[in-house]
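The structure appears below as structure tokens.
Throughout, read-outs are computed from the coordinates displayed, never taken from laboratory work. Fair warning: this is a prediction, and the values are worked out from it, not measured in the lab.
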């Protein structure tokens, strides 16, 4: 094979990739447009069922489902499983938006509506588009990414403001101190940007903030 043939073949493959991306957007929009207003819940996949964070995530999802909100997670283990479990057992809409990874992330057993994605950026769009709030439990790099994504979009007026809530005061205290002591102190963000997120401790506080923002929603 000559070099030009390989270049042309790669261009064809890139063109077909556009259709795969479009198909993921279409499927996601069609499925998620039918669910009630949703709360996206994030946190570590490594959280064990015996951990306090797992119990709080389950309680939070259960209380939100009782208010009529759909619960959307990444569909995997840990905090995602806890949130899906709380929503499903409460009789609510429990959505899992999974991602294809080299080390397969198996969907948890508490999902009533499942979507699988190949592309991270399409999946991230689905978390934001139908959410009335983000609730973020302790986690690692992926969880931090899910935290900074919405506050950056809200800050730049790319999406309408909605509650971005961090759960666990001890866990997130250092992050807030760094944001205020470094980013704000050095003028990298403005004082109003600090109000783009909340840090709370208990599930009831999460529910209160979301209801104050979007109002109580009845079951369909």
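Taking every alpha-carbon pair under 8 Å whose residues sit at least 6 apart, segment 90-196 reaches a relative contact order of 20 percent. From the alpha carbon centroid of segment 149-169 to that of segment 64-113 is 21 Å. Give the share of C-alpha pairs in each 5 angstrom bin for segment 89-177, from 0 to the last occupied bin, in whole percents, shortest bins first. Values per bin, smallest distances first: 3, 11, 19, 23, 21, 16, 8, 1.
Above 32 Å, the calculated P(r) of the chain contains 22 percent of its Cα-Cα pairs. Here segment 153-220 is treated as a sphere whose radius is the Kirkwood value from Cα pairs; by Stokes-Einstein at 10 °C and 1.306 mPa s it diffuses with a coefficient of 117 µm²/s.
Expressed per residue, the C-alpha convex hull volume of segment 55-113 stands at 56 Å³. Counting only alpha carbon atoms, the long axis of helix 120-129 and the longest principal axis of the chain meet at about 40°.
What angle do you read, to the nearest 10 degrees and between 0 and 90, between the alpha-carbon axis of helix 203-214 and the longest principal axis of the chain? Here the helix axis deviates by roughly 70 degrees.
Counting every C-alpha pair in segment 14-112, the share spaced more than 18 angstrom apart comes to 47%.
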